[in-house]
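Have a look at the structure below, then the notes.
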Amino acid sequence: MRVLHIAPYFYPAWAYGGIPRLSYHLAAGLAKLGIQVDVITTDAFDRKSRREELNFSVAGISVRVYRNLSNRLAYDWQFFFPLGLAGEKARLRDYDLVHIHGHRNFLNTRLSLWANKIGIPALMQPNGTLVNIERRKALKSIFDLLFGNRQVNNTRLFIAVSEAEKKQFVGMGISPERIRVVANGVFVDRPDPDLHFKDKYGIKGDYILYLGKLTPRKGIEYVIQALQFIPGRKVIAVIAGNDMGMERNLKTLAAKLGLSERVIFTGLLASPWKEVAYRDALVTVYPGELEIFGLVQFESILCGTPAIVADDCGAGEWIRKSGGGYLVPYADPKAIARVVSGIDREKEKDKIKSAGEWIRKNLSWETVSGRVKKIYEEILGEQG
């Protein structure tokens, strides 16, 4: 079986959030199962730099990289316009199907169109990008009218990572028969026992951790506001993640509330400090709106720390199943504060251990890759 994965950003472009990690681990897992997996991506890396290597191999995957028209447009506006892509038209015939990660970019749209014209089936795994939410809604609507709606109509099957995301798809008019629910896999390195996050940042007491991109939908302001309502504990908040336009507003909020000295911004945390930050936190708070899955809460649990998530989303759906965290209403800093105030890490140990075992059993990349392989076989069986 020969499968082409298409993603506008790929390993190790971690500044772009979950999709680069998810697409990499899935591709690597499928390669271990004997599937020939190639990847087409762009040179997007982070706001200031591009990927240097244009073609490389990693974990049994062959990766072809195309230069974006503008790195700044790619990062700030999600405008991925790879140059020289036309040569891929003929290569598409070498594959049995294409697996598309994300939505609304010219890399995915063009390759999907070309694949459809020659009869190569497409599977789409949007990971929260299919519904028009958050930023630049008007531009997204225009893109959909010109390109996106046609791509959706031409897609054979969709992977939703939760029942919450499946409901979003159905609400857009996609038939349930075209949707398969497969959770994302979770992988995190073991925290380095010789590294200590509190020492690195001069933290004396407990801290609560937010880790992820700094965007409006993530609800980070409620993490900061919660500090006001935590009595008798000098808890601080660590905000770890790459700025997508929100950091200045968050710092202004902290200053307005008189909390500047209790909020630390670290920027993007990569391994090994990401894992150490999880381990040393009192709790990880992932309070975003419309989060259809969320890796952060499960990574936190695997590092031994409970997580708080908003209950309006797929992240809440899966945290219930794992039993390793707490659900609070979205946009309710007092509810966050109540949970934080009641946490005793020593008393949490058995619950977190049990949740970690559930995650390793149900959300390992080996398990998830096997489920996706079955979907490939389903599609190709229909083709035959």
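Could you please let me know if K234 is out of contact with any strand residue (DSSP E or B) (no Cβ under 9 Å at 6 or more places or on another chain), among the basic types (K, R) and either more than 25 Å from R21 (Cα to Cα) or not assigned by TED's automatic domain parsing to the domain that holds Y207 (or both)? Before you say what the answer is, go through the steps one by one.
Details: out of contact with any strand residue (DSSP E or B) (no Cβ under 9 Å at 6 or more places or on another chain): yes; among the basic types (K, R): yes; either more than 25 Å from R21 (Cα to Cα) or not assigned by TED's automatic domain parsing to the domain that holds Y207 (or both): yes.
So K234 fits the description; yes.
Residues checked against (1) farther than 23 Å from I203 by Cα; (2) of a type in the set (A, V, I, L, M, F, W, C):
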{"position": "R279", "(1), (2)": "no, no"}
{"position": "A315", "(1), (2)": "yes, yes"}
{"position": "D332", "(1), (2)": "yes, no"}
{"position": "I336", "(1), (2)": "no, yes"}
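Checking K251 against (1) under 23 Å from the mean Cα position of the chain (by Cα); (2) in a helix (DSSP H, G or I); (3) charged (D, E, K, R), only one condition comes out false. Which one?
Every condition holds for K251 apart from (1).
Looking at A335, A331, which one is outside any helix (DSSP H, G or I), more than 19 Å from the chain's Cα centre (by Cα) and closer than 21 Å to L209 by Cβ? It would help to see each step written out before you state the result.
Values: A335 fails: outside any helix (DSSP H, G or I).
Criteria check complete, one pass: A331.
From the list S271, S322, which one is under 23 Å from I203 (Cα atoms), polar (S, T, N, Q) and surrounded by fewer than 24 Cβ atoms within 10 Å (Cβ to Cβ)? Outline the logic, then answer.
Working: S322 fails: under 23 Å from I203 (Cα atoms).
From the options S271, S322, the qualifying one is S271.
If we keep just the residues of region 328-356 that are over 14 Å from C303 (Cβ atoms) and of a type in the set (D, E, K, R), which is surrounded by the most Cβ atoms within 10 Å (Cβ to Cβ)? Give the steps one after another, and end with the answer.
Of region 328-356, the ones over 14 Å from C303 (Cβ atoms) are 328-344, 346-347, 350-351, 354.
Of the ones still in play, those that are also of a type in the set (D, E, K, R) are 332, 334, 338, 344, 346-347, 350-351.
On the way: D332: 17, K334: 14, R338: 15, D344: 8, E346: 5, K347: 9, D350: 8, K351: 15.
Of everything passing the filter in region 328-356, D332 is surrounded by the most Cβ atoms within 10 Å (Cβ to Cβ).
Residues checked against (1) more than 12 Å from A337 (Cα to Cα); (2) at pLDDT below 95:
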{"site": "L211", "(1), (2)": "yes, no"}
{"site": "Y222", "(1), (2)": "no, no"}
{"site": "I230", "(1), (2)": "no, yes"}
{"site": "E247", "(1), (2)": "yes, no"}
{"site": "T252", "(1), (2)": "yes, no"}
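So which residues in region 293-319 are surrounded by fewer than 24 Cβ atoms within 10 Å (Cβ to Cβ) and at positive phi, if there are any at all?
Correct list: G304 only.
Which strands (runs of 3 or more DSSP E) sit wholly inside region 134-236 and have at least 3 residues that are surrounded by fewer than 21 Cβ atoms within 10 Å (Cβ to Cβ) and under 24 Å from the mean Cα position of the chain (by Cα)? If you could, list the steps in order and put the result at the bottom.
Details: elements: 157-160, 179-181, 207-211.
Filter on region 134-236 gives 179-181.
Which residues, counting only those in region 305-352, are of a type in the set (A, V, I, L, M) and closer than 12 Å to T284 by Cβ?
So the first thing to find is which residues in region 305-352 are of a type in the set (A, V, I, L, M), and the list is 307-310, 315, 319, 327-328, 331, 335-337, 339-340, 343, 352.
Scanning region 305-352 gives A307, I308, V309, A315, I319, I336, V339, V340, I343, I352.
For region 92-118, enumerate the residues that are touching a residue at least 40 places away in the same chain (Cβ under 8 Å), of a type in the set (D, E, K, R) and surrounded by fewer than 18 Cβ atoms within 10 Å (Cβ to Cβ).
D94, D96
Looking at G245 and the list (1) touching a residue at least 24 places away in the same chain (Cβ under 8 Å); (2) outside any loop (DSSP other than H, G, I, E, B), which single condition is not satisfied?
The single condition G245 does not satisfy is (2).
Taking L107 and the conditions (1) in contact with an Asp or Glu (Cβ under 7 Å, 6 or more places away or on another chain); (2) not in a strand (DSSP E or B), which numbered condition does it fall short on, given that it satisfies the others?
That leaves (1) as the condition not met.
Give the number of residues within region 254-308 that are assigned to a loop (DSSP other than H, G, I, E, B) and under 20 Å from the mean Cα position of the chain (by Cα).
Counting residues in region 254-308 that are assigned to a loop (DSSP other than H, G, I, E, B) and under 20 Å from the mean Cα position of the chain (by Cα) gives 17.
Can you tell me which of (1) modelled with pLDDT under 95; (2) surrounded by 20 or more Cβ atoms within 10 Å (Cβ to Cβ) is the one Q383 doesn't meet?
Going through (1) modelled with pLDDT under 95; (2) surrounded by 20 or more Cβ atoms within 10 Å (Cβ to Cβ) one by one, Q383 breaks only (2).
Counting only residues that are of a type in the set (S, T, Y) and out of contact with any helix residue (DSSP H, G or I) (no Cβ under 7 Å at 6 or more places or on another chain), how many does region 197-224 have?
Final tally of qualifying residues: 3.
The values are calculated or read from the model by the stated rules, or taken from the named source; none is laboratory data. The model shown is predicted, which means the values in this text are computed figures rather than measured ones. Virtual Cβ from ideal backbone geometry, glycine too; neighbours counted across all protein chains shown.
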